Amino acid sequence: MDDTRLAGRFATGDEDGFAEVYTTFRGPVFGMAVTMLTDPGLAEEAVQQAFIGLWRGRERYDPARDLAAWVFGVARKAAIDVYRRERRKPVPADQTEVAVDTLSAERLWEAWQVRRAVEGLPADEAAVVRLAHYYQMTHSEIAAHLGVPMGTVKSRSHRAHRKLAEALGHLVDDKPGETGD
Amino acid sequence: MTDQPRPPEDGEDVALPPRVAELLAHPGTWAAAPALTAAELIAMAEATAQLDSAAPAFSAPPVADDSAVTPLSSEPAAPNSSAAAASSLGTAAPDAPASPAGGVVIPFRRRRWMRPVLAAAAALVLVAAVATGVLVTRERPTATIELAGATGAPAAHGRIRVIERDAGWRLVLDVQGLAPAGPGTYYQGWAIKDGEYVPLGTFHMHKAGQVELWSGVPLRQFRRIEVTSQKVGAGQDPGTVVLAGGM
């Protein structure tokens, strides 16, 4: 996953570069929007708005800037716009910020990074992690669900968790409470 | 009492920090992303850009109204100004009544010029919708169901949005990691409760994208949704499960 090369592709402004950016970031954008908005339908609207904004604003992107951070910023703003629209009535800015920032930018950035990390796993390892953490299945339940031996589940799980720990190591070093929760 | 992971023992998973583990259990980490393609998004962006370029016709006050907020004692408009141009088109009303502030009020009935603009804009919206085949949907699902890959497709996962309609429930399935059905096979959705299987429709996934299924029965009466791989001509018994999720 080479964001520098991707940034160069996006900066060309052509459709292929945009398509690569969309393929790379639509999952994290959607995940971040679901985390913020909780409603998948609203999150889908935020994804559309974010990428429409990225396409229309692609000429303003400086490839020297961190592409992931750029996309994250545009996507978070799109999600906040959807959130505010859903409020249907004007509210004091500080009140809106409190409500939206229940999940701070730092927390959403973590959600974004975790989503990118799991999308970087091989599909069979990601499936085990998903079943273990999201569906709260035991290894034996996963083995039965997937129809594979328990040893296969254990080895996939071990590899996946090692990769996640490596990819998200910087989060390991953060102290709880520094995320603005 | 530490958030730092301890070294794993042989065969044990590496411990992840609590915040990462928490996010791994969050729907946002796993929810299937929208099935829109980049080309569809670009088409939507271009369509909305066209609407935006037409937007001043809606957002800018009518040129005749400019005079309504312009004191009569102000400098006359330049000959090539929009007000002058509007006047030459007959949209300004030379006999318009003076407003209390001394300006000119144009009765709303005289804004007939807006009709063709509105009609053109409506047509543009329709053309954009047809051209892209995609619009930002305001449909609100009454429920969403997450599906995990099963024996037949362990890497697949998806999400069903349940949308109530007059005649039943429209089920929009966004699925990722599910291969196109092979020759002589297809996929079928099922609602399941106590051994009862109600079919929800079939699809082949030959092209990536959204799948539309349908239910004529309320899904809340069921416990589980499954998608199975079926063989053509092999009857209606459920085949190998490729996706499954609880209500």
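Just a yes or no: is a residue in the stretch A:88-104 buried (at least 18 other Cβ atoms within 10 Å of the Cβ), modelled with pLDDT of 90 or more and either more than 23 Å from A:L171 (Cα to Cα) or among the hydrophobic types (A, V, I, L, M, F, W, C) (or both)? Please lay out each step first, then the result.
Taking the stretch A:88-104 and keeping what is buried (at least 18 other Cβ atoms within 10 Å of the Cβ), we get A:100, A:103.
Narrowing further to those that are modelled with pLDDT of 90 or more: none.
Within the stretch A:88-104 (the criterion being buried (at least 18 other Cβ atoms within 10 Å of the Cβ), modelled with pLDDT of 90 or more and either more than 23 Å from A:L171 (Cα to Cα) or among the hydrophobic types (A, V, I, L, M, F, W, C) (or both)), the answer is no, since none of the residues qualifies.
Anything in the stretch B:146-155 that is facing chain A (nearest Cβ under 8 Å) and not in a strand (DSSP E or B)? List them, or say none.
B:A150, B:T151, B:P154, B:A155
Residue-by-condition table, conditions (1) at pLDDT 90 or above; (2) among the aliphatic types (A, V, I, L, M):
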site	(1), (2)
B:R159	no, no
B:V172	yes, yes
B:T185	yes, no
B:Q188	yes, no
B:L200	yes, yes
B:H204	yes, no
B:G209	no, no
B:V217	no, yes
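Filter the stretch B:156-181 down to the residues that are more than 8 Å from chain A (Cβ to nearest Cβ) and charged (D, E, K, R), then identify the one that is nearest to A:V34 (Cα to Cα).
Looking at residues that are more than 8 Å from chain A (Cβ to nearest Cβ) and charged (D, E, K, R), I get B:D174.
Can you confirm whether the stretch A:57-70 contains a residue that is facing another protein chain (nearest Cβ under 7 Å) and over 18 Å from A:E86 (Cβ atoms)? Quick ask: steps written out before the conclusion?
Of the stretch A:57-70, the ones facing another protein chain (nearest Cβ under 7 Å) are none.
There is no residue in the stretch A:57-70 that is facing another protein chain (nearest Cβ under 7 Å) and over 18 Å from A:E86 (Cβ atoms).
Yes or no, residue by residue, for (1) touching a Lys or Arg at 6+ places or on another chain (Cβ under 9 Å); (2) surrounded by 20 or more Cβ atoms within 10 Å (Cβ to Cβ); (3) in contact (Cβ under 8 Å) with a residue 40 or more places away in the chain:
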site	(1), (2), (3)
B:G149	yes, yes, yes
B:A153	no, yes, yes
B:I160	no, yes, yes
B:I163	yes, no, no
B:R170	yes, no, yes
B:G184	yes, no, yes
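Against the definition (at pLDDT below 90 and buried (at least 21 other Cβ atoms within 10 Å of the Cβ)), how does B:G195 come out, yes or no?
On the way: at pLDDT below 90: yes; buried (at least 21 other Cβ atoms within 10 Å of the Cβ): no.
No: the conditions fail for B:G195.
Matching residues to (1) part of a loop (DSSP other than H, G, I, E, B); (2) of a type outside the set (D, E, K, R); (3) surrounded by 12 or more Cβ atoms within 10 Å (Cβ to Cβ); (4) in contact with an Asp or Glu (Cβ under 8 Å, 6 or more places away or on another chain):
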site: B:A181; (1), (2), (3), (4): yes, yes, yes, no
site: B:G189; (1), (2), (3), (4): no, yes, yes, yes
site: B:L200; (1), (2), (3), (4): no, yes, yes, no
site: B:K207; (1), (2), (3), (4): yes, no, no, no
site: B:W214; (1), (2), (3), (4): no, yes, yes, no
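So, in the stretch A:18-37, how many residues would count as being without any contact (Cβ under 8 Å) to a residue 12 or more places away in the chain and either under 11 Å from the mean Cα position of the chain (by Cα) or more than 8 Å from chain B (Cβ to nearest Cβ) (or both)? Please lay out each step first, then the result.
Residues of the stretch A:18-37 without any contact (Cβ under 8 Å) to a residue 12 or more places away in the chain: A:19, A:23, A:34.
Narrowing the set further to residues that are either under 11 Å from the mean Cα position of the chain (by Cα) or more than 8 Å from chain B (Cβ to nearest Cβ) (or both) leaves A:34.
Total meeting the criteria: 1.
Counting only residues that are facing chain B (nearest Cβ under 8 Å) and either in contact with a Leu (Cβ under 9 Å, 6 or more places away or on another chain) or surrounded by 15 or more Cβ atoms within 10 Å (Cβ to Cβ) (or both), which one in the stretch A:133-151 is nearest to B:G28 (Cα to Cα)? Before the answer, list the steps.
Pass one, the stretch A:133-151, residues facing chain B (nearest Cβ under 8 Å): A:133-136, A:145-148.
Then drop every residue that is not either in contact with a Leu (Cβ under 9 Å, 6 or more places away or on another chain) or surrounded by 15 or more Cβ atoms within 10 Å (Cβ to Cβ) (or both), which leaves A:133-135, A:145-146, A:148.
On the way: A:H133: 13, A:Y134: 10, A:Y135: 13, A:H145: 22, A:L146: 23, A:V148: 27 Å.
Among those residues, the one meeting the criterion is A:Y134.
The values are calculated or read from the model by the stated rules, or taken from the named source; none is laboratory data. Just so it is clear, the model here is predicted, and its values are computed rather than measured. Cβ atoms come from the backbone with ideal geometry, glycine included; neighbour counts cover every protein chain shown.
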